[in-house]
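The values are calculated or read from the model by the stated rules, or taken from the named source; none is laboratory data. Since the model is a prediction, treat every value here as computed from it, not as a measurement. Ideal geometry is used to build each Cβ from the backbone, glycine not excepted, and the neighbour counts take in all protein chains shown. Side chains are part of the model used for accessible areas, which takes the heavy atoms of the whole protein and leaves out ligands, DNA and RNA. Shrake-Rupley method; radii C 1.70, N 1.55, O 1.52, S 1.80 Å.
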2 protein chains.
Amino acid sequence: MLKEVSGGVCAPKGFKASGIHCGIRKNKVKKDLALIVSDVRCATACVYTTNLVKGAPILVTQKHVADGYAQAVIVNSGNANTCNADGVQIAEEMCALVQEYTGIAAEDVVVASTGVIGQPLSVAPIAAGMAQLVAGLGDNSDGAAEAIMTTDTVRKQIAFSFMLDGKECRIGAICKGVGMICPNMATMLMFVTTDAAISPAMLQKALAADVKKSLNMLSVDRDTSTNDTLCVMASGLAGNAPIVQQDASYRAFCRALNAVTTAMCRMLAADGEGATKLIECRVEGARSLTQARLCAKAVVNSNLVKAAMFGADANWGRVLCALGYSGAGIDPDAVGVVFRSASGAVEVCVNGRGVPFSEEQAKRVLSESEVDICVTLGDGHYHATAWGCDLTYDYVKINGDYRT
Amino acid sequence: MLKEVSGGVCAPKGFKASGIHCGIRKNKVKKDLALIVSDVRCATACVYTTNLVKGAPILVTQKHVADGYAQAVIVNSGNANTCNADGVQIAEEMCALVQEYTGIAAEDVVVASTGVIGQPLSVAPIAAGMAQLVAGLGDNSDGAAEAIMTTDTVRKQIAFSFMLDGKECRIGAICKGVGMICPNMATMLMFVTTDAAISPAMLQKALAADVKKSLNMLSVDRDTSTNDTLCVMASGLAGNAPIVQQDASYRAFCRALNAVTTAMCRMLAADGEGATKLIECRVEGARSLTQARLCAKAVVNSNLVKAAMFGADANWGRVLCALGYSGAGIDPDAVGVVFRSASGAVEVCVNGRGVPFSEEQAKRVLSESEVDICVTLGDGHYHATAWGCDLTYDYVKINGDYRT
């Protein structure tokens, strides 16, 4: 059904990408400016941070995609363009530069910035780099994925192919984000492209439903960023009958979208600032979806659980503690906890009470690079998954001297 | 008015305390069992954790103070007696031991435990230590304060004297708690004694009002413990006319109580696990108390703000970010931020925008052992203060291998 393919945001028909170092960052080895363009105008849906302190680019993007369409994305790293007096003007100038160099109307440009908050962003290096940026447009998802990285240690991109009424469609994405990650409607920056034909309204519907189970279930540090933006652009060039209602094709598209966003959540969590391991918390037996989600999120959010995972310490009492204050109204006497990884599984708690287990086996299980914390709440039918990472010395180190 | 005095929980008339090593902890240098007794039955008020996973001692204490009176407190460290099948029975046996060795009715005993969750607690070492514990009763707040410590690095106690209708009254306290600290109705463990005469109803009223501005505004790591208990016992031996209504004496008592709980909050935050500095966030100009409190708490809760404070990095954008996701409905364009300490003050943000400041001066200000983050939200009349600490390598170290 779904098949992973290479090419990231350039895998779907009609998309080209580019990434360069233009000089916003002092480190010349690090790219800092990315561009994605489509051959045609795309149905476009976005979700943004719920933080009331919003980056200026978000205000400009909201205006530009209000009609449901866009054709290009420009993104810089190294500066969030947030809490600056001239922020909106700078973001608009970035869109105007795209128009000047590509002919795409500024009103069809999505703009995003990521980096330090509260430092003025000069448009000069961006203007100076535009010719090189546009010249580099091609099958270069790598370059764009690299140019949006901040403290990310790896490029994050993926693409899948899937079938809609006999036509092969593709969907691809790039994203970034390692700290200040507790998305609430979106993660820091993620750009998804697809050549499936879908109306703007159905695309927004699919996206809004998807983030509830994907990006909103991800947390590195509970700090909801000011600049979170998730943008999906659909070129329609795959030639399928356009999706305009909630039919089988819509559901197939939603599955493909969720495969992309879930894969990205796992990449984001695994590369969380300073992280040595990905933590996945799966909650089952809940009496409602809300209960399942609150519980899963509380566990991956707990500093104490995260530190225990770093130390490969099967301190399951901290899992119970997090479930207890989650606000999910659990029954403590019905809770079960199992730690699971590539090295096996170890049951540590049944009906809210500890059970004997081998500390050695637990240590082995928790020492893997991905650990699942499996929680059962009772005999309800709902389940949810949340992603996070361990809390390490390096998280403190990275964030103790990020700005200076 | 209020005068600090020595003696901790033994400063008020009628109270004796003791603390010993009985063997719950393997480390023989660390005391692990504390006892506080009063010469007379005391009006007693308690607040407990809101975590749904509650330590067994809390269930027993709730029953024992339901009538508004108690006469003794027994506390062990090294084991939280939580998530154990026989937890309630063990807690009841601890109270029965107090009756056996002191003659105070088991139903007048407050019991508390702190330490690892989910490991069975044997009553044997407690029973074996009771004779020594009771023999040590005297002016020994130090011993009791020491015996309730877990990863605390310093004893936490304080006492004040104050006047009620011509009589000198005293109020004293001991407490502990350095991790899993985000009290919601109480902190981990705090025991307050006073010789003021006050009815159980007025004492509970004073306590419930106080924790909203004291312990509920404290956070080390956002993890609300399973065992939080704050207990105030009033012996009435100071001889003042008993407080039975909200009069001037009640208000004077509330001020004394708040002096104790605020001093304790500052000690708890300063000794937060791994902390190198106390962070106090003062929010002014709020349009409601709720808004002020949500904002202050969000700032001291932010891992990113905490890590920046560890690095003495004036990364004020993270303060704005926390205010923005606090849920307090702030106006980002009205926010001002000043960092303040014994080394002076540095204004970093006015009307939501950065202002030029000396990085050297900021570094000096943020390198002190106490840093105030002063936030103005607008021209409202409400204010609130929250306490926290920085996030350090040692927090991760302590919690990466706490149990094993």
Inset, instruction - May I ask for the equivalent-ellipsoid semi-axes of the stretch B:304-356, computed as the square root of five times each C-alpha gyration tensor eigenvalue and listed largest first in whole Å? - result: 19, 14, 9
Legend entry - Amide H within-cut-off set for B:Ile148, under 5 Å, with H built and near neighbours excluded: none
Inset, instruction - Could you work out the equivalent-ellipsoid semi-axes for the stretch B:1-83, taking the square root of 5 times each eigenvalue of the Cα gyration tensor, largest first, in whole Å? - result: 24, 21, 12
Legend entry - Residue (of A:Gly272, A:Phe310, A:Leu289) at the positive-pole extreme of the stretch A:263-317, dipole from beta-carbon charges: A:Leu289
Legend entry - For residues of A:46-54, the mean tally of beta carbons on other chains within 10 Å: 5
Legend entry - Where labels lie 7 Å past Cα in the beta-carbon direction, separation of B:Met163 and A:Gln245 in nm: 8.4 nm
Legend entry - Bins of 5 Å, starting at 0 and running to the largest distance - Cα pair percent for the stretch A:187-271: 3, 13, 26, 24, 15, 10, 6, 2, 0
Legend entry - the stretch A:304-404: projected area of the alpha-carbon convex hull, averaged over directions, in nm²: 7.5 nm²
Legend entry - Pairwise FRET efficiency - A:His381 versus B:Val355, Cβ, R0 = 41 Å, nearest 0.05: 0.15
Inset, instruction - Heavy atoms only, probe 1.4 Å: what % of the accessible area of the stretch A:1-120 goes to carbon and sulfur, would you let me know? - result: 51 percent
Legend entry - the stretch A:356-404 - Rg and Dmax from Cα coordinates, angstrom: 16.6, 51
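Average projected area of the Cα convex hull of the stretch B:84-240, in nm²?
Details: hull surface 41.1 nm².
One quarter of the hull surface, i.e. the mean projection, equals 10.3 nm².
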Inset, instruction - At q = 0.09, 0.10 Å⁻¹, work out log10 I(q)/I(0) for the stretch B:206-362 with the Debye formula, treating every Cα as an identical point scatterer and leaving solvent out; two decimals please. - result: -0.38, -0.46
Inset, instruction - Could you tell me, in Å, what Rg and Dmax come out for the Cα atoms of the protein assembly as shown? - result: 28.7, 92
Inset, instruction - Show me B:290-303, A:295-308 ranked by packing, highest mean number of other Cβ atoms within 10 Å first. - result: A:295-308, B:290-303
Inset, instruction - Would you mind computing, in nm to one decimal, how far apart the modelled labels at A:Leu2 and A:Ala209 are, each placed 7 Å from Cα along Cα→Cβ? - result: 1.4 nm
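Within a Cβ distance under 11 Å of A:Thr290, other residues only, what is the Lys/Arg minus Asp/Glu net charge? Walk me through the numbers before you get to the answer.
Values: positive: A:Lys212, A:Arg287, A:Arg293, A:Lys297; negative: none.
In short, +4.
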Legend entry - Inter-chain shielding of A:118-124 (mean C-beta neighbours from other protein chains, 10 Å cut-off): 3
Inset, instruction - Report ³J(HN,Hα) in whole Hz for each residue of the stretch B:371-385, in order, from the Karplus equation J = 6.51 cos²θ - 1.76 cosθ + 1.60 where θ = phi - 60°; Gly and Pro get x. - result: 10, 9, 9, 9, 10, 10, 9, x, 10, x, 9, 9, 9, 7, 10
Legend entry - In Hz, Karplus ³J(HN,Hα) per residue of the stretch A:225-235 (6.51, -1.76, 1.60; θ = phi - 60°; x = Gly, Pro): 5, 8, 10, 3, 9, 10, 10, 10, 10, 10, 7
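Enter the accessible area per residue of the stretch A:280-404 (Å², integer; probe 1.4 Å; all protein chains in place).
On the way: 4560 Å² over 125 residues.
Per-residue value: 37 Å².
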Legend entry - Over chain B, volume per residue of the alpha carbon convex hull, in Å³: 130 Å³
Legend entry - Solvent accessible area, Å² - A:Glu359, 1.4 Å probe, full protein context: 90 Å²
Inset, instruction - For A:Val29 paired with B:Asp139, estimate the spin-label separation in nm (one decimal), with each label point 7 Å from Cα along the Cα-to-Cβ line. - result: 6.6 nm
Inset, instruction - Leaving ligands, DNA and RNA out of it, work out the accessible area of A:Asp86 with a 1.4 Å probe and give it in Å² to the nearest 10. - result: 60 Å²
Inset, instruction - Determine the residues within the stretch A:359-404 where the difference in accessible area between the chain on its own and the full set of protein chains amounts to at least 50 Å²; count protein heavy atoms only and use a 1.4 Å probe. - result: A:Tyr393, A:Val396, A:Asn399, A:Gly400, A:Arg403
Inset, instruction - Grab the other residues whose beta carbon is less than 14 angstrom from that of A:Phe253, score K and R as +1, D and E as -1, and report the net. - result: 0
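Starting from the stretch A:1-106, pick out the trypsin sites (Lys or Arg not before Pro) whose DSSP state is loop and whose Cβ has at most 11 other Cβ atoms within 10 Å. Present the calculation step by step, with values, prior to reporting the outcome.
Numbers: sites: A:Lys3, A:Lys13, A:Lys16, A:Arg25, A:Lys26, A:Lys28, A:Lys30, A:Lys31, A:Arg41, A:Lys54, A:Lys63; in loops: A:Lys13, A:Arg25, A:Lys26, A:Lys28, A:Lys30, A:Lys31, A:Lys54.
Qualifying residues, ordered by number: A:Lys26, A:Lys28.
For the stretch B:49-115, what is one quarter of the convex hull surface built on the Cα atoms, given in nm²? It would help to have the intermediate numbers written out before the result.
Numbers: hull surface 17.6 nm².
If you wrap the Cα atoms of the stretch B:49-115 in a convex hull and average its projections, you get 4.4 nm².
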Inset, instruction - Mind jotting down the distance between the C-alpha centroids of the stretch B:299-319 and the stretch A:362-404, whole Å? - result: 22 Å
